[in-house]
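Read the structure below first, then the notes.
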Amino acid sequence: MTSAAITTATSSGTWQLGDLTVNRIGFGAMRLTQYGEAFAEDAVPSDRAEAIEVLRRAVELGVNHIDTASFYFSPLRSANELINRALAPYPDDLVIATKVGPSRSPSGEFLPHATPEQLRGQVEENLRQLGRDHLDVVNLRILGTDSIAERFGALAELRTAGLIRHLGLSNIHPHQLTEARAIAPVVCVQNRYGLGIRPDHDDFLRDCGHQGIAFVPFYSIAGTGGQAGALGEADAEVLAVARERGVSTAQVRLAWTLHRGPHVLAIPGTGNPDHLVANVATGALRLSETELATLEAVHRRGA
């Protein structure tokens, strides 16, 4: 008897991050470092061997886009260190995207956004932890609606110097994308978005596609739970689609996100090998027009 075929990330299609081709199903590294709510004081450090296994399995399954940050760490684990340990020397097609802007003290306390001068240190820290001489994609993570020109300009200088290949933005508003694009090319926008989450960003998502910019939702599976993970019961409509298809509600949410446009990239994170396989398999789940219409009504309820 032969085992069932395993679906790989190639089933999700591809997108270009500048000159880098990635499969649309990627992997988010935030949950690799601990169990429980991300960054919570009572979260339990993850099992190191299992985290390394998950990373290697992700690459085996065709994942070639990993999202990380130097501030993804727990008392015993660092996401960047785990990535380095598991995957170096890195496959030629692997794209590692990281974030700068926020930072955390050794005790885990979040610190204010970095100044333009401090951003170089954050870039160098990511380079050191990942064991690389350049970073594929660096996203400037923003809090608030203020001008980002000075900070983004500092990263643009590092791009010119060869430390960064491509630039992106995280947690931004449309006017900040316009401001950044006047300084340097932007290959991706990472914002919180999902089924029923921030439908007011629908137009922004579409506009990114029109500009050839990838839209990379975070917490798309968690829904209203955010970094705490999915909370409560699923919407009845989502549950009905999941039962009809024989998949989980998380897979329905993830598939719906990918249906928002060919430029939408998914970065579901997990420390569980079985959840990883299910997440990757979602790239092959094609929702019908009827299912999409049903789910659109759920999405609009979040408006």
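The values are calculated or read from the model by the stated rules, or taken from the named source; none is laboratory data. Predicted model only: the values in this text are computed from it and were never measured. Using ideal geometry, Cβ is built from the backbone for each residue, glycine included, and neighbour counts are taken over all protein chains shown.
Below is a table of values for the structure above.
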quantity: Selected residue [among the basic types (K, R), on the phi > 0 side of the Ramachandran plot and more than 16 Å from the chain's Cα centre (by Cα)] from R198, R165, R181; calculated: R198
quantity: In the range 213-232, residue modelled with the highest pLDDT [restricted to those that are part of a loop (DSSP other than H, G, I, E, B) and closer than 16 Å to Q190 by Cβ]; calculated: I213
quantity: Residues of the range 139-162 satisfying the condition of being outside any helix (DSSP H, G or I) and in contact with a helix residue (DSSP H, G or I) (Cβ under 6 Å, 6 or more places away or on another chain); calculated: L140, I148
quantity: Condition check for R77: among the basic types (K, R) and crowded, with 16+ Cβ neighbours inside 10 Å; calculated: yes
quantity: Residue check, P185 in contact (Cβ under 8 Å) with a residue 12 or more places away in the chain and more than 28 Å from T249 (Cα to Cα); calculated: yes
quantity: Any hit, the range 268-280, residues being surrounded by 14 or more Cβ atoms within 10 Å (Cβ to Cβ), under 22 Å from S170 (Cβ atoms), hydroxyl-bearing (S, T, Y) and in contact with a helix residue (DSSP H, G or I) (Cβ under 7 Å, 6 or more places away or on another chain); calculated: yes
quantity: Residue match in the range 135-142 (condition: modelled with pLDDT under 95 and of a type outside the set (S, T, N, Q)); calculated: yes
quantity: Positions within the range 88-115 being surrounded by 13 or more Cβ atoms within 10 Å (Cβ to Cβ) and over 24 Å from G18 (Cα atoms), in sequence order; calculated: P102, S103, R104, G108, H113, A114
quantity: Any pair with Cβ under 9 angstrom, 6 or more apart, that starts in the range 228-251 at a residue that is within 19 Å of A281 (Cβ to Cβ) and ends at one that is at pLDDT 95 or above and of a type in the set (D, E); calculated: V241/E291; E244/E291; R245/E291
quantity: Any hit, the range 111-134, residues being under 22 Å from V189 (Cβ atoms), part of a strand (DSSP E or B) and either at pLDDT below 95 or within 16 Å of the chain's Cα centre (by Cα) (or both); calculated: no
quantity: Criterion (at pLDDT 90 or above, on the phi > 0 side of the Ramachandran plot, surrounded by 15 or more Cβ atoms within 10 Å (Cβ to Cβ) and not polar (S, T, N, Q)) met by exactly one of G28, G36, G62; calculated: G62
quantity: Qualifying residue in the range 95-110 (condition: closer than 24 Å to A266 by Cα and aromatic (F, W, Y)); calculated: no
